[in-house]
Every structure is written in structure tokens, then in C-alpha cells.
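For reference, the structure is listed below as C-alpha cells.
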Amino acid sequence: TAATIATCLLTTSACTSHPSPDPSPSVTALQGLQAQAHLASTRSFSATYRANGGDPPRTDTIRVFRTPSAARIDVEESGVTVRILVNGSGTFSCKLSTGTPPLCVTLAGPGEALPATLAVQLQLQLLFTSAPAEIAEGTGFEVQPAASQAAHAGVPAATCYAIVTAPATADVSPGTYCFADGLLVTAQFRTGSLQLTALDTNPVDGDFTLPASPVPLPSSTPGNT
């Protein structure tokens, strides 16, 4: 109406739409990381990684087999393989070496928390088991965008995110995480890193079979670590 037009001319703000401000880089980064983590929790893959540690300096070869319901991580060093297997029956650790029968122990039952003394040793498996679901939920994380990584030597290009802070109860450490369609390509921490070197075919059921019947985890005694 003429009255409405007149009101608009006299009071511009009354008839001007105000678009919502663009989300901050940290909000956009958190949303992007959450989307990647959600994809990560649904992916099936097998891959080889190089793990570098700085305290003490060391380099290990890591093989990862993952489906939405199971994960296996093999850490190979000096002819010995430490295998972590997580499935519906629990979490298990096995030691395999040439000339010695494999030994497997039960670390935790299904849905049970791992012993606190083993948390550091099992950080690698957490990246492929509980961490994606915790990141996808996103509560309590502060995230900033990080420089992306170009494709190289068969490794896909990846989008990177810097987790500045994470909840104290989360199985996620602050650091830079790079993903390609839910596949973890790089994880860079203060004292180490994990880098994808080769992507293999999808795992099969036999990849998640324990090499020996597991025994209970020995109880710690005073004076032992």
C-alpha cells in the first residue's frame, strides 16, 4: 500500500532484510571436522601408516584394518608386531614375533573402559575407534582451520583441522588432523605424527581373527608398573 511504501522510505531499517552474519572460521572448522569424523565412523578400509615419535625418537610402521564394527592396528618394529583388536567382544592386545607362539590378552570387555595405565599405549587405536564418534558429537571442542594437504604418491589430498582444545574425558588429543572423505591421512601431535603411506583393499572377516585365545590381563601388584 501507499502507507507501507511511505513507511519504508522514511524508515529504511523497517523494510530492509538483515542477513545472518557468516559463521566464524572456528565454527566452520568444527562443522567440517564433525562431518569428516562422521564419515570416518562409517568407513571400511585397510591402510599403512608411518608413525614418528619424538620422545624418544622412533619410527614405526602401522597397519590399520577398519570396519564400522571392528578395528585392528598392527604396530611393527624390529621383527615384533603388537596387534590391538577391538570388536564386539572387547579390546585385545596380541604380541607376535618370529619363532614364538602368539600371546593375546583381554584388555577390556565390550563397552568397558580401558585401564588408565594402558591409555597412552593404545592412543593409536583410539584414533580409529572411539575418537571419530566423539569428534562427530563435537561437544567441548575448539577447532581452527589448518592448511590443506595436496595429493602425493598415491595419498589423496586432505582437508586439515587443528583441534586446539578437547574435553579432558575425550579419547582425542589436541593436534592437527587431516581427512579425505573420512579417511585419516595425517595426525600431527606435539611429540609425534601419523602419516598415511598406502591405501589397500577393504578388510575381510579373517583380518579380525585373534591369532591366539586371549587370557585375562594380569593384575598389577604393588611395586610393578
State the number of residues belonging to the range 137-151 that are open to solvent by 30 Å² or more (accessible area, probe 1.4 Å), of a type outside the set (S, T, N, Q) and more than 12 Å from A162 (Cα to Cα).
-> 4
Residue among A158, A150, A170, A198 that alone is among the aliphatic types (A, V, I, L, M), more than 21 Å from T67 (Cβ to Cβ) and over 16 Å from the mean Cα position of the chain (by Cα) = A150
Tally of residues being in a strand (DSSP E or B) and open to solvent by 60 Å² or more (accessible area, probe 1.4 Å) across the range 83-111 | 4
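I'm checking my understanding of the structure. Among residues of the range 185-225 that are in a strand (DSSP E or B) and open to solvent by less than 30 Å² (accessible area, probe 1.4 Å), which one is modelled with the lowest pLDDT?
Here is the first cut: in the range 185-225, the residues in a strand (DSSP E or B) are 185-188, 192-200, 215-216.
Still in the running and open to solvent by less than 30 Å² (accessible area, probe 1.4 Å): 185-187, 192-194, 196.
Numbers: V185: 97, T186: 96, A187: 95, G192: 86, S193: 91, L194: 93, L196: 97.
If we take residues in the range 185-225 being in a strand (DSSP E or B) and open to solvent by less than 30 Å² (accessible area, probe 1.4 Å), then G192 is modelled with the lowest pLDDT.
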The one condition in (1) open to solvent by 20 Å² or more (accessible area, probe 1.4 Å); (2) modelled with pLDDT of 85 or more; (3) basic (K, R) that R66 fails to fulfil = (1)
The range 39-88, residues that are in contact (Cβ under 8 Å) with a residue 60 or more places away in the chain, under 22 Å from T186 (Cβ atoms) and among the small types (G, A, S) = A40, S41, S44, S46, A47, A51, G53, G54
Inside the range 173-184, can you point out the residues that are buried (at least 23 other Cβ atoms within 10 Å of the Cβ) and of a type in the set (A, V, I, L, M)?
-> L184
So E134 fits all but one of (1) in a loop (DSSP other than H, G, I, E, B); (2) open to solvent by 40 Å² or more (accessible area, probe 1.4 Å); (3) in contact (Cβ under 8 Å) with a residue 24 or more places away in the chain; what number is the exception?
-> (1)
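The values are calculated or read from the model by the stated rules, or taken from the named source; none is laboratory data. All values derive from a computational prediction rather than experimental measurement. When we count neighbours, we look across all protein chains shown, and the Cβ atoms used for this are built from the backbone with ideal geometry, even at glycine. Areas reflect the complete protein model, heavy atoms only, side chains present, ligands, DNA and RNA absent. Shrake-Rupley method; radii C 1.70, N 1.55, O 1.52, S 1.80 Å.
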